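First comes the structure, then the notes that go with it.
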Amino acid sequence: MSTALYRTYRPGRLADVVGQEHVTQPLSRALASDRVHHAYLLSGPRGCGKTSTARILARSLNCAQGPTPEPCGECQSCVDLAPNGPGSIDVIELDAASHGGVDDTRELRERAMFAPVSSRYKVYIVDEAHMVTNAGFNALLKLVEEPPDHVRFIFATTEADKVIPTIRSRTFNYAFRLVPTRVLQQHLATVCEAEGVPADPAALALIARSAAGSVRDALSILGQLIAGSGPEGLTHDEVSAQLGVTDAALLDDTVDAIATGEGAQLFAVIDRVIDAGHDPRRFATDLLQRLRDLIVLSAIPGEEALAILDAPDSEIEAMRRQLTGLSLAELSRAADLVSDGLTQLRGATAPRLHLELLAARLLLPSADTSPAGLAVRLDRLERGATAAVPGARAAAPRAAAPEQTAEPEKQSPSPPAPASKAASSRSEKPARAAAAAPPPPPRMSQVLPSAAGESTPQSDPPADPATSGATVSLADVTTMWPAILEGLKSMSRVAWMVFSDSRPLSLDAGVLAVGVPEESKVRNARASGHAERLRQVIIDVMHADVQVDVVATGAVPAPVTDAPPSDEPSLDDSDSDDDVSGEALAMRELGATVIGEIEQG
């Protein structure tokens with residue numbers, strides 16, 4: 001019968017303890033300088049070397065050449081206290097789980113008064129010290145505070161907070177830590193080399209991750225896998241199958257499906273997980289670990305993230321490629337959803353159903369009204385929107401403009417007659433009315449270039465709006481505002497979302513005040529450059545350069561319109577539509593021309 005690996009490779013020196021240099025180095029210096037305290041409290045997670053360190057400390061104290069951090073290994077004490085030695089009568093190990101009462105403590109206190117048989121010190125190692133009752137600790141308190149010169153106490157516990165403060169204050173406390181995965185992987189490789197078993201580094205990485213930082217658990221798993229391995233040794237596929245770890249290919253496909261929004265691919269992965277016999281809870285746990293690694297890679301650039309990640313180099317390269325399709329907001333939201341879904345999966349009677357519902361939530365950020373879901377939608381829109389060329393940006397406003405029934409006439413420099421004069425032409429003959437009717441005022445939709453495919457006279461290229469001196473009124477901007485928003489949507493969907501419910505308020509000295517209902521949108525528009533994008537669209541649509549000032553509608557007065565010239569028809573004339581005839585209103589608003597009159601008898 002073979003000995004368990006965690007017993008075979010138990011450390012015999014402080015320097016051999018894996019991953020606890022912050023504990024072993026101070027203890028080594030204390031031994032070398034003969035400044036050893038009378039009581040120590042070793043705390044930390046299970047399987048990290050607390051009991052082994054306590055035995056090594058006892059061996060170093062009782063070595064014939066000690067106290068020394070390097071036991072000679074030849075004296076009787078070193079031989080007795082070797083990792084596989086028979087033990088020493090002067091080193092007493094107590095399991096507090098079964099010897100933690102008052103009577104056990106009183107017996108220990110009585111025996112401690114006797115001198116050691118053959119060693120320098122009588123060392124008491126109290127394992128699972130948190131199991132000692134309060135009464136037992138109180139009975140032991142005086143002895144721990146002022147022990148005889150030949151007595152040393154070493155307490156080992158996984159829950160230091162359960163040790164009463166009066167005991168903790170009288171001991172030197174050293175906190176052990178979980179061993180990093182990379183350090184644990186290197187230790188497993190050393191053990192495999194000593195055992196003569198070939199091992200795939202990726203397989204050792206899986207074992208180290210499954211051990212969750214515990215050296216004893218890692219060696220126990222390794223011993224089980226070596227016992228069932230073939231002549232090829234430890235392979236990645238064999239270790240994955242025995243440990244039930246989700247295959248990295250499944251995780252890669254899952255992340256790719258989340259990035260692209262491919263529902264068919266994501267649900268196909270779930271089918272593969274169930275068909276392969278994987279536990280849905282384990283799959284969700286491994287997916288959460290993968291999302292965590294992606295978040296670390298996204299948040300920490302360069303090689304600095306490698307010190308935090310516990311993954312082989314091949315997986316890190318694959319994750320770097322996956323980051324090209326995922327933003328930090330998407331990763332954070334997905335991790336939150338998987339974490340919540342993992343909580344629901346625990347104890348669920350239909351784990352596959354919960355896993356599929358989790359997949360549906362991952363695919364539909366639009367159904368998530370939380371700030372995380374909104375951030376994901378904004379990121380997707382920002383990545384999907386591309387800046388259009390000026391001609392393409394102007395195409396959307398042209399399409400939104402009302403279709404003209406006739407080609408507009410070339411405008412003359414003289415100003416058009418007021419609409420009230422056109423109203424008086426109703427009493428004249430149709431032919432004369434048609435000839436005398438003034439041309440309609442130019443609309444902004446008529447000023448725009450004609451759509452592709454229409455035959456229009458060739459005109460000179462427009463002048464630079466910044467230098468042409470073209471001016472517009474607030475009424476013109478208000479009329480063209482829907483077309484301006486369409487153009488902004490073509491340029492940047494995120495900017496369009498900011499201004500989708502906006503309206504022009506005033507136009508004064510070339511500064512257009514644009515009102516939005518929320519103060520947060522005002523800050524967003526100013527800080528993110530959305531106001532400058534709106535200004536560029538206004539230049540493309542209106543052919544006039546204006547400055548944009550974004551304000552909250554609740555903080556400004558009612559809209560103030562520019563006063564148009566008295567001899568020029570305008571949308572904001574003082575005369576209401578009720579005082580204007582239908583004929584004049586049609587001519588003013590639609591550019592209609594009177595071609596005849598029908599008298600009603």
Exercise. Among the candidates ILE258, ILE167, single out the residue that is part of a helix (DSSP H, G or I), crowded, with 17+ Cβ neighbours inside 10 Å and assigned by TED's automatic domain parsing to the domain that holds SER52.
Key: ILE167
Exercise. Please find, among GLU303, GLU238, the residue that is surrounded by fewer than 17 Cβ atoms within 10 Å (Cβ to Cβ) and assigned to a helix (DSSP H, G or I).
Key: GLU303
Practice problem: Please report, ordered by residue number, the helices (runs of 4 or more DSSP H) entirely within the stretch 16-89 with at least 1 residues that are under 22 Å from ALA129 (Cβ atoms) and among the aliphatic types (A, V, I, L, M). | Solution: 21-32, 50-62
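Table: residues versus (1) out of contact with any strand residue (DSSP E or B) (no Cβ under 7 Å at 6 or more places or on another chain); (2) of a type outside the set (A, V, I, L, M, F, W, C); (3) within 24 Å of ALA208 (Cα to Cα).
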position	(1), (2), (3)
VAL269	yes, no, no
ALA284	yes, no, yes
ARG290	yes, yes, yes
ILE308	yes, no, yes
SER314	yes, yes, yes
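I'd like the residue in the stretch 527-542 that is under 26 Å from the mean Cα position of the chain (by Cα) and assigned to a helix (DSSP H, G or I) and, out of all such residues, is farthest from ALA495 (Cα to Cα).
In this case the residue turns out to be ALA527.
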Quiz item: For the stretch 1-43, what are the residues that are more than 20 Å from VAL123 (Cβ to Cβ), within 39 Å of the chain's Cα centre (by Cα) and in contact (Cβ under 8 Å) with a residue 40 or more places away in the chain?
Solution: TYR6, VAL18, GLY19, HIS22
Quiz item: Could you say whether any residue in the stretch 105-124 is buried (at least 19 other Cβ atoms within 10 Å of the Cβ), closer than 18 Å to CYS48 by Cβ and of a type outside the set (S, T, N, Q)?
Solution: no
Quiz prompt | Single condition THR133 does not satisfy, out of (1) of a type in the set (Ser, Thr, Tyr); (2) assigned by TED's automatic domain parsing to the domain that holds LYS50; (3) within 23 Å of VAL23 (Cβ to Cβ) | solution = (3)
Quiz item: Would you say PRO71 is more than 45 Å from the chain's Cα centre (by Cα) and over 19 Å from VAL117 (Cα atoms)?
Solution: yes
Practice problem: Answer yes or no: is there a residue in the stretch 62-84 that is without any contact (Cβ under 8 Å) to a residue 60 or more places away in the chain, touching a Cys at 6+ places or on another chain (Cβ under 6 Å) and aliphatic (A, V, I, L, M). | Solution: yes
Exercise. Would you please name the residue that is farthest from HIS530 (Cα to Cα), looking only at residues in the stretch 500-517 that are without any contact (Cβ under 8 Å) to a residue 40 or more places away in the chain, under 40 Å from the mean Cα position of the chain (by Cα) and in a strand (DSSP E or B)?
Key: LEU512
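The values are calculated or read from the model by the stated rules, or taken from the named source; none is laboratory data. Please read these numbers as outputs of a predicted model, since none were measured by experiment. Backbone-built Cβ (ideal geometry, glycine too); neighbour counts: all protein chains shown.
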